[in-house]
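Just below is one structure, and these are the notes that go with it.
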Amino acid sequence: MVQTPTKPAATKLPPSKHEFAEIIHRLEAGGAMIPDTPENLMQIIAIWKAYAVPMDFYWRDLLYIAERVFLHPLPFFKYFLPQEYLDLQNHYSGDGADLRIWRGTGSAHPELLEFMEKGEMGKLPRLVHHLWHDRINMEFAEECMRGMLWHRGLYVPVNQFDPYLDTDEYKANADRAIKAYFKKDPFMLAVHKAFPEMFLEQCRQMSYYSNLGLFWEVMAPVFFEVSDLYDEGKITTVPQAMDFLVNGIFAIAGRPIYHHVEIDGETYEIIPKSKGFTWLYEAALPYIEAVFYRTSPFRGTKSYNAQAREVPDDQKDFHFGVLYADKFPVGTAGIPPTLLAQDMLHFLPPYLMDFYKQRCRGEDDILNQIGVTFQRSMYCVTSAVIQALRTALLYPLDDPNPKHLKANRAFFESQVDRFCRPEYGMKYAAKLKNIQTSDYR
């Protein structure tokens, strides 16, 4: 899946007059929003690897919750992943993969299994590890899911997953599953009859659990493989790393997004595969928009005065995602993703750990450093999505037609404009300018 970056067009356009003209020209040359330096490449590859290991737990547990826990009124043990889901074969890694992206195992990653067994405290009962937060913090994954649920309707009508949740067909499918789940509980059935929208909305949330789980099932092997290629010396530039993601996006763009529930050995298709919902349009694009750009005002860092218009009136103007976030280790589950940083800390490649020890306050502020590195890497992922959309919707970078090149430029400038809007302090919150230099730490 490694590909040489597309060469810039032979036809020259006048220099861009955009505020971030250098970045526009870099995108036009097949690059990313983040500069192509060995240090940047090392950081983004290492943090993708550190992200992929907990992500291998996230996607498995999200599917477990969507398919098995479902509407349990007190799901205290929903993070206690059964062996069946640890052994669940990833569709994109392992010998039985539908499309093998990573050359490794299809079951849970060995580093993940080792951490789950011992954690930081050593081998103790699972409940002790859980209560002490010496575990993978699924609260972060659930916060991402809630961001997607909160910002419903993204990319409609291209995205048909979300409108389907309001159809009579979905409601009928969900009603059958709800009644089957509570068939031995007359009290809950009575509650469902009295307040039918309550469990229906919970079912919609479970469908988003499944959506995000199926999305991350793909991303984990992609990040594992690009890390292995870097270790082998086959990925040597930021554009190559970004192109690997672009190729991965197109390779699995059509993977089905669905929601099935297992109840007493019977499968209930709440969102059948036959609906034709796909990974790119119904999962990837809504995820990028909801989590990278929007999310919600993050708790624990400051107070927001809505009357002073510190919080946007419209959800489309929310700018609290990872691309805008200040990196404070405040212990919240949302963005800034402190719990994710804590998860990634356990799986940092040695070369990135050595790099951190030589910077700032060494290990004393390592969660901050991880957060900044993660933000850099997500600007690279966003660049991959931008380049993929340009490939799908517009023209090759080396197109000889000047009109086509102008259309490409207008597209790139419109994407970067999102980080330049003055409303609500967006341009000051965006970290696009910060990541252009290694001084941002």
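The values are calculated or read from the model by the stated rules, or taken from the named source; none is laboratory data. A quick note: this is a predicted structure, and the numbers were derived from the prediction, not measured. Glycine gets a Cβ as well: all are built from the backbone with ideal geometry, and neighbour counts include every protein chain shown. Just so you know, the surface numbers come from the protein's heavy atoms only, side chains and all, with ligands and any DNA or RNA stripped out. Shrake-Rupley method; radii C 1.70, N 1.55, O 1.52, S 1.80 Å.
Residues that are open to solvent by less than 10 Å² (accessible area, probe 1.4 Å) and either out of contact with any strand residue (DSSP E or B) (no Cβ under 8 Å at 6 or more places or on another chain) or in a helix (DSSP H, G or I) (or both) within segment 246-262 comprise GLY248, ILE252, listed in sequence order.
More than 22 Å from the chain's Cα centre (by Cα), farther than 30 Å from HIS192 by Cα and outside any loop (DSSP other than H, G, I, E, B): is that true of GLU84 in this structure? The answer is yes for GLU84. The number of residues in segment 263-281 that are under 30 Å from GLU28 (Cα atoms) and open to solvent by less than 10 Å² (accessible area, probe 1.4 Å) comes to 1. Every condition in (1) outside any loop (DSSP other than H, G, I, E, B); (2) more than 22 Å from TYR379 (Cβ to Cβ) holds for LYS234 except the one numbered (1). Report, by residue number, each residue of segment 81-96 that is closer than 25 Å to ARG68 by Cα, modelled with pLDDT under 95 and open to solvent by 20 Å² or more (accessible area, probe 1.4 Å). Passing the criteria: only GLY96. Of the residues screened, MET206 is not one that is within 16 Å of TRP48 (Cα to Cα) and among the aliphatic types (A, V, I, L, M). Checking each residue in segment 27-39 for being in a helix (DSSP H, G or I) and either at positive phi or open to solvent by less than 10 Å² (accessible area, probe 1.4 Å) (or both) picks out only LEU27. Among the candidates ASP162, ASP185, ASP168, ASP175, the residue that is acidic (Asp, Glu) and within 17 Å of PHE215 (Cα to Cα) is uniquely ASP162. For TRP59, the criteria (1) of a type in the set (Phe, Trp, Tyr); (2) touching a Ser or Thr at 6+ places or on another chain (Cβ under 7 Å); (3) within 25 Å of GLY371 (Cβ to Cβ) hold in every case but one, which is (2). Could you look through segment 120-139, keep only residues that are touching a Phe, Trp or Tyr at 6+ places or on another chain (Cβ under 8 Å) and open to solvent by less than 80 Å² (accessible area, probe 1.4 Å), and pick out the one that is nearest to PHE215 (Cα to Cα)? Going through the qualifying residues, I end up with MET138. For the criterion of being among the charged types (D, E, K, R), buried (at least 20 other Cβ atoms within 10 Å of the Cβ) and either over 21 Å from ILE257 (Cα atoms) or in contact (Cβ under 8 Å) with a residue 12 or more places away in the chain (or both), GLU142 passes. Counting only helices (runs of 4 or more DSSP H) wholly contained in segment 366-433, no element carries 1 or more residues that are touching a strand residue (DSSP E or B) at 6+ places or on another chain (Cβ under 9 Å) and open to solvent by less than 10 Å² (accessible area, probe 1.4 Å).
Of the listed requirements (1) surrounded by fewer than 22 Cβ atoms within 10 Å (Cβ to Cβ); (2) at pLDDT 95 or above, VAL2 misses just one: (2).
Pairs linking a residue in segment 311-323 that is over 11 Å from GLU423 (Cβ atoms) to a residue that is of a type in the set (S, T, N, Q) and loosely packed, with under 15 Cβ neighbours inside 10 Å, with Cβ atoms under 9 Å and 6 or more positions apart or on different chains, are VAL311/ASN305.
Candidates in segment 337-351 are the residues that are assigned to a helix (DSSP H, G or I) and open to solvent by 10 Å² or more (accessible area, probe 1.4 Å); of these, the one that is farthest from TYR58 (Cα to Cα) is TYR351.
Evaluated against (1) out of contact with any Cys (no Cβ under 8 Å at 6 or more places or on another chain); (2) modelled with pLDDT of 95 or more; (3) farther than 27 Å from GLU262 by Cβ, TRP59 falls short on exactly one condition, (3).
Close contacts from segment 279-294, counting a first residue that is among the acidic types (Asp, Glu) and a second that is at pLDDT 95 or above, with Cβ to Cβ under 6 Å and a gap of 6+ residues or different chains, come to GLU282/ASN159; GLU282/PHE161; GLU282/ILE257.
For segment 354-365, the set of residues classified as open to solvent by 40 Å² or more (accessible area, probe 1.4 Å) and either under 24 Å from ASN137 (Cβ atoms) or assigned to a helix (DSSP H, G or I) (or both) consists of ASP354, LYS357, CYS360, ARG361, GLU363, ASP364, listed by residue number. Among the conditions (1) under 30 Å from TRP150 (Cβ atoms); (2) in a helix (DSSP H, G or I), ASP228 misses just one, which is (1). Residues in segment 156-203 that are buried (at least 19 other Cβ atoms within 10 Å of the Cβ), out of contact with any helix residue (DSSP H, G or I) (no Cβ under 6 Å at 6 or more places or on another chain) and of a type outside the set (Phe, Trp, Tyr): ASP162, ASN173, ALA177.
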